[in-house]
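The values are calculated or read from the model by the stated rules, or taken from the named source; none is laboratory data. Note that the coordinates shown come from a computational prediction; the quantities given were computed from them, not determined experimentally. Every residue, glycine among them, receives a Cβ derived from its backbone with ideal geometry; neighbour counts consider all protein chains shown.
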Amino acid sequence: MPIKPDVWIINMAKEKGMIDPFEERQIRDNKISYGLSSYGYDIRIADEFKIFNKNGKGIIDPKAIVHNSFIEEKGDHCIIPPNSFILGRSVEYFKIPRNILTICVGKSTYARCGIIVNVTPLEPEWEGFITMEVSNTSPLPAKIYANEGIAQVLFLEGDEECKTSYADKKGKYQAQRELTLPKV
């Protein structure tokens, strides 16, 4: 009989140190939920944010990011300006096994308010805190809450280990310990 997906995630978290800290159940307690779900794991956004500075000059260029394009803030929430975005990082540190790929999608509570979360896939053997973009598509300021759920990570297991992992490629975002701006 196949192992249940939530049990499989618990085993991977404990045996491989895949998620730290790890919550074995959904935590709600008047918060936007986080922790283990049926087929994935709901991650939290940390209390540090980089807010896009609309008063900046020039253009956003991923090959030559200007650090003053963002204003840094720390707190229990963040207000995202209308039609703008912020960068945040996960509370959880991930160590993805060599036979796993993840996809991350936003939580419906925020999506219903026009708040969209974008995270690229976590490749096999990538590790670090997730840097994520949180966009406010509404014409009004939007509030997000630190240390509460922001997105869900879904795990895809390969039948075999990949030939070349993110660690093998010496990926530029490997083992990131902070909210990380684009690198070339």
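Which of the residues spanning segment 63-108 are farther than 19 Å from residue 137 by Cβ and β-branched (Val, Ile, Thr)?
Result: 65, 66, 71, 91, 96, 100, 102, 103.
In segment 34-77, what count of residues is obtained for those that are surrounded by fewer than 18 Cβ atoms within 10 Å (Cβ to Cβ), part of a loop (DSSP other than H, G, I, E, B) and either small (Gly, Ala, Ser) or modelled with pLDDT of 95 or more (or both)?
Within segment 34-77, residues that are surrounded by fewer than 18 Cβ atoms within 10 Å (Cβ to Cβ), part of a loop (DSSP other than H, G, I, E, B) and either small (Gly, Ala, Ser) or modelled with pLDDT of 95 or more (or both) number 6.
For residues that are out of contact with any helix residue (DSSP H, G or I) (no Cβ under 6 Å at 6 or more places or on another chain), farther than 16 Å from residue 100 by Cα and in a loop (DSSP other than H, G, I, E, B), tally how many sit in segment 5-23.
Count: 2.
Of the conditions (1) of a type outside the set (Asp, Glu); (2) in a strand (DSSP E or B); (3) buried (at least 18 other Cβ atoms within 10 Å of the Cβ), residue 179 satisfies every one except a single condition; which number is it?
Every condition holds for residue 179 apart from (2).
Does segment 90-125 hold any residues that are in contact (Cβ under 8 Å) with a residue 40 or more places away in the chain, in a strand (DSSP E or B), under 21 Å from residue 33 (Cβ atoms) and not aliphatic (A, V, I, L, M), and which are they?
Matches in segment 90-125: 90, 92, 93, 94, 102, 104, 106.
Within segment 126-147, does at least one residue satisfy the condition of being within 19 Å of residue 39 (Cα to Cα), among the acidic types (Asp, Glu) and touching a residue at least 24 places away in the same chain (Cβ under 8 Å)?
Looking through segment 126-147, none of the residues is within 19 Å of residue 39 (Cα to Cα), among the acidic types (Asp, Glu) and touching a residue at least 24 places away in the same chain (Cβ under 8 Å).
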